[in-house]
1. What base-10 log of the normalised intensity I(q)/I(0) is obtained for region 16-114 from the Debye formula, alpha carbons as equal point scatterers, at q = 0.11, 0.16, 0.19, 0.23 Å⁻¹?
2. To the nearest 10 degrees, how steeply does helix 45-67 sit against the main Cα axis of the chain, on a 0 to 90 scale?
3. Angle, helix 28-42 long axis vs. longest principal axis of the chain, Cα atoms, 0 to 90°, nearest 10?
4. For helix 2-11, what angle does its Cα long axis make with the longest principal axis of the chain, in degrees from 0 to 90 and rounded to 10?
């Protein structure tokens, strides 16, 4: 009886479709990590594309956080960059929902080059 339960648990595989994984990638850093782990077995190109885009946006947000530590000018640049980042995030999420592999404006192609190994 125990062997059948073990056999059944081994048969349970990733049931998430690539579109779901792509959407999860845009849900904070934790979502990005979860999407990366879920896509690790199958290596679906659509999901990997959006994981790369989301990773680029997370790195951009960390850069904006660091810039925001600089008084006055850093605060202004960080604020404006955050508005731009929100726009990019929304565009990436919409593309994932619509099952499109369209890179985020201005930086998406660069993200693809930087994270080509993912």
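Derivation of every value follows stated rules applied to the coordinates shown; laboratory data play no part. These figures come from a predicted structure and were not determined experimentally.
1. Computed log10 I(q)/I(0) values: -0.32, -0.63, -0.83, -1.11.
2. Taking Cα atoms only, the helix is inclined about 40 degrees.
3. 40 degrees
4. The helix 2-11 is inclined about 40 degrees to the chain.
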